[in-house]
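So the structure is just underneath, and the comments pick up after that.
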Amino acid sequence: MAKTKKKTRGATAQEMGDSQRSISVSEFFTKNRHLLGFDSPRKAMLTCVKEAVDNALDASEEAHILPEVHIILEVVADAKGHKPSAAQAKRFRVTVIDYGPGIVRQQIPKIFAKLLYGSKFHRLRMSRGQQGIGISAAGMYGQLTTGKPVKIISRTSAKNQAHYFEVQIDTKKNEPRILEKKQIEWENHRGTQVTIELEGRYVKGRSSIDEYVEQTAIANPHVKITYDPPDGERRVFERTHNELPEQPREIKPHPYGIEFGMLLKMMHDTKSHWLSGFLKSDFSRISGPLADHICKEAGLSPKKRPRDIHGEPAEKLYRVLQATKIMAPSTNCLSPIGEKAILYGLYQQIKGDFYTAVTRPPAVYRGNPFVIEAGLAFGRGSGDDQKKKRKKTIDGPLAEGEGKDTQRELARIIRYANRVPLLFQMSGCATTKAVLDTAWRNYGVSQSRGALPQGPMVIFVHMASVWVPFTSESKEAIADYDEIKKQIKLALQECGRRLGIFLKRRDRAKSEFRRRNVFELYIKEVVDSCNRLKGGKLPVKKLTKQLTEIAEKVTGGTKTDEILGKTGAGPEGLPSSIIVTEEGVEGDIPLMAGDTIELPLGDAPPQAPGAEEPESVSPEIEKAKPKPKKKAKSKAVKKKKKPAPKAKKKAVKEKAAKKKAKKKPAPKKKKKSLPAKRKKK
Ligand SMILES: Nc1ncnc2c1ncn2[C@@H]1O[C@H](COP(=O)(O)OP(=O)(O)OP(=O)(O)O)[C@@H](O)[C@H]1O
Ligand SMILES: [Mg+2]
C-alpha cells in the first residue's frame, strides 16, 4: 500500500495574528547594526570613536567652550592576562574625554543607553549629530560584542560632584539599565568621559582612526585633539585657531520644498489657534501680511483652526505655499568653515605646491539651507619625507575606492559633512559623483573617462547644512540631490580653474627660466671675448649688467620670478590660494585671529587683537604635551637657507634693494622676511 504523504497546513490568520508584535528600535538595530556603521570590527571601532568625538565637539561648541578632546585606545588583556599587540588584538577599550559642559545626572542613562534619544533631532540647526542614535548605538555594540557596560563620568561644574555611571541597554524595551551609579572625585572640573569596551581591529592607513583624527584636525582648527593610539606615541593636534566658529542659530522650516504630509503634521501639532498665526510662527520667512495673503489665495479664513484643515483645502494651501514668492531661508543657522580656515588646514596637514579654497553662496534643497565648500591641494611638496610618507600610506591596507596601481596615482577625496570626515561609502556619495562629473582635463589634469582625476592631488569637499541627507543612519555618504551635486560641481570647477591657471603659469615660467639660465651662462664668455677684442678697455661690469637685463627681459622679466615664487608678490588672479616652491611661499598664508603658529625666521608670532587664551582644563594632558608637529611651513623655509645660484641671488638682491627703496611697512607674512635674510648672506 502506498504511503499517504502528510499534508502540512498553512497558518491561519488567527495564528499569524498571535505572532505579530511590535519591534523595539534597539532590537531592530541589534539585528541591523551594519546600518549604523558597525559592520566590521575595524569600522565599528572607528564609528565608536567618531560618535563620541562628534558629541564632545557639538556639546562644547554649543556651550561656547573651545573644544578639547582626548582619545585613548587601549588593548584589553585576555582572560589569562596576556595583552596582544595592537595589530593582533581583537578587544579594545575606547575612552573619549571632553572638557565641555557635562551632562546632568538624570539624563546620563538615557543618553548612553536608549536609542533615538537626543537634543538635536527636532531642531533645524547645523550640528555634527542629528539623529539621537550615535553614542547609544556605540554602547550597544560594545555590550553585544563584549557584554561590558558603558562607563560614564560627567561633571557640570567645579562646584558640583562628578557622577559615575555604568549602564547597559535593555534591547527589548529600548530602556537603560543602570548597573552602577555613584559620586566620585574627578580631576577635571567640567566635562564628560565615556569608556566603551568592544570587539575591534586597529589598522593604519586609509579609513583608519588615525586618518579620522587627522582629517578632523584639518576641518576644525579651533579644536585641540590629544590622541593616544594603542601602539604608538601620543599625538597632539594643537589648536591653531583660538576662536570658536560663528555659532549657528536654530531656524524654522522654510515652506519651499516641505512635503505635504509634513505640512499636515505641523498643522496638527501647532500651538497656534489661527491659520495665519501658524504660518507666521511655525515657518521661517513668513511675515504677518504674507500669511494673510497666503490664506486669501488659498481661500481660507486666517482665523480658521489649523487642526481643522484637511483634504482639498489643505492641498490648496500647500500649492499656494509652494507658488508664493518667499525670501530664501536665512543662513545664520549654518557655520561654514570658511576659505581661510580650509586653506590653512590643508596647508598645515598636507604637503603640496598649490592650495586653494572656495566657499559657495548658500543654497536650498527640500527647504533646508546648505553651503558647499571645496578645497584643493596639488603637488608633492618639496620634502623627501613626504614621498616616504605617501609610500607608507600606499603600502598600508587599502580601503574602498583605492587602487593598487601606484603608477597612476589618483586624486584623493576628503569629504566632510558638518565638519565631520566621511571615511566610508565613497562611491555612493554625491561628493564623489560630482568629482567624477567635473571635466578635470579642462584644467590641465589628466582623467580617464568616468574615473577620478590623476595626479598628486587632494580634493576637499564640505557640506554644511541644518540637515545633511545621509544615505544611511551610519552617516557615511551624502545623498545625491541635484541641487547639492550642482553646488559641489560649481565649487570644484572654480578650484579646477585656479589649478589650471597655476599649472599653465608654472610650465611657462619654468621654460622661460631655463632659457634665461642658458643666456646667463654665455654672458661671461661674451663679455670676456669683447673685452679681449677691445684690449681690456671695456667696462666689463656695465656690459654684464646690460646683457643680464636683456636676458631677463626676453625671458618674461620679473613676471617669471613672480610665478616661480621668487619674489614676495602673491599669486595673481588666484584668490584664496597659496603656491609653494623650492624658493619659498607665495600668497597669503592665512594668519587667523588668535593664531599661535611659530614663524621660523625669528619673527615674533602674530597675535590678533582680542585673541583669547584657550581655556586649559586638562592638566594631565598639558604636562605630557609633546612638541607640536613640524609644520610644512618650516620645511619650506629651511629650503630657503640653501645657497642660491648666482643668478637667483642677484635677482633676490635686486628685489630686496627695490623693496628698501619703496620703504614698505614691515610685512606680516614670513615669506617677506626671505629677501632680508638672504641679503645678510
Ligand atoms: N559629551 C557630551 N556632552 C554633553 N552632551 C552630550 C555628550 N554626548 C551626548 N550628549 C547629548 O546626548 C544626546 C544624544 O547623543 P547621540 O550621539 O546619541 O545623538 P545625537 O548626537 O543627537 O545624534 P547622532 O545620532 O546623529 O549622533 C545629544 O543630542 C546631546 O544632547
Ligand atoms: Mg552624536
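Loop-only trypsin sites (Lys or Arg not before Pro) in segment 204-279, please: DSSP not H, G, I, E or B, and at most 11 other Cβ atoms within 10 Å. Intermediate results must be reported in sequence, preceding the final value.
Numbers: sites: 204, 206, 224, 234, 235, 239, 249, 265, 271; in loops: 204, 206, 234, 239, 249, 271.
Qualifying residues, ordered by number: 271.
For segment 305-339, which trypsin sites (Lys or Arg not before Pro) are in a loop by DSSP, counting at most 11 other Cβ atoms within 10 Å? Write down the numbers at each step before the final one.
Details: sites: 307, 316, 319, 325; in loops: 325.
Passing sites in segment 305-339 are 325.
For Cα pairs less than 8 Å apart in space and 6+ apart in sequence, what is the mean separation divided by the residue count of segment 260-323, i.e. the relative contact order in percent? Don't skip to the answer; put the middle values down first.
Numbers: 68 pairs, mean separation 23.7, N = 64.
The normalised contact order for segment 260-323 reaches 37 percent.
Count the net charge of all other residues whose Cβ sits under 13 Å from the Cβ of residue 163, scoring Lys and Arg as +1 and Asp and Glu as -1.
Details: positive: 105, 151, 155, 181, 182, 190; negative: 166, 180, 185.
Charge balance near residue 163 sits at +3.
Under 5 Å between amide hydrogens, which residues at least 5 positions from residue 412 or on another chain qualify, with H placed 1.01 Å from N in the peptide plane?
457, 458, 459
Which entries of 80/181; 43/173; 148/265; 252/485; 224/475; 173/486 have Cα-Cα distances beyond 32 Å here?
148/265; 173/486
Evaluate 2.2 N^0.38 Å with N set to the residue count of segment 260-323, then give the Cα radius of gyration divided by it. Kindly include the intermediate steps, with their values, before the conclusion.
Values: Rg = 10.1 Å, N = 64, 2.2 N^0.38 = 10.7 Å.
Cα-based Rg divided by the globular estimate yields 0.95.
Whose amide H sits under 5 Å from the amide H of residue 381, counting only residues 5 or more places off or on another chain, with H placed in the peptide plane?
The list, which skips near neighbours in sequence, is 352, 353.
Which loop-located GluC sites (Glu not before Pro) does segment 114-188 contain, where loop means any DSSP state but H, G, I, E or B and the Cβ has at most 10 other Cβ atoms within 10 Å?
Working: sites: 166, 180, 185, 187; in loops: 185, 187.
Those that pass, being in a loop and sparsely packed, are 185, 187.
Residue by residue through segment 12-29, what is 3J(HN,Hα) from phi via Karplus (6.51 cos²θ - 1.76 cosθ + 1.60, θ = phi - 60°)? Round to whole Hz and write x for glycine and proline.
Calculated HN-Hα couplings, in order: 8, 4, 4, 5, 5, x, 5, 8, 8, 8, 6, 10, 6, 4, 6, 4, 4, 6 Hz.
Step through the residues of segment 110-119 one at a time and calculate ³J(HN,Hα) from phi using the Karplus curve (6.51 cos²θ - 1.76 cosθ + 1.60, θ = phi - 60°), rounding each to whole Hz and writing x for Gly and Pro.
5, 4, 9, 9, 8, 6, 6, 9, x, 10
Give me the distance between the Cα centres of segment 119-160 and segment 224-250, rounded to whole Å.
Segment 119-160 and segment 224-250 have Cα centres spaced 19 Å from each other.
Placing one identical point scatterer on every Cα of segment 25-202 and ignoring solvent, what is log10 I(q)/I(0) from the Debye formula at q = 0.11, 0.15, 0.20 Å⁻¹?
-0.44, -0.84, -1.44
Read phi for every residue in segment 179-195 and hand back ³J(HN,Hα) as whole Hz from Karplus 6.51 cos²θ - 1.76 cosθ + 1.60, θ = phi - 60°, with x for Gly and Pro.
Once rounded to whole Hz, the list reads 8, 7, 8, 7, 8, 9, 7, 9, 5, 8, 7, 6, x, 9, 10, 10, 10.
Tally Lys and Arg at +1 and Asp and Glu at -1 over the other residues with C-beta under 9 Å from the C-beta of residue 198: what net charge comes out? Mind dumping the intermediate values first?
Numbers: positive: 91, 93, 148; negative: 197, 199.
Here the charged neighbours net out to +1.
We did not get these values from a lab; they are worked out from the coordinates using the rules stated. Just so it is clear, the structure is predicted and the values come from calculations on it, not from any experiment. Using ideal geometry, Cβ is built from the backbone for each residue, glycine included, and neighbour counts are taken over all protein chains shown.
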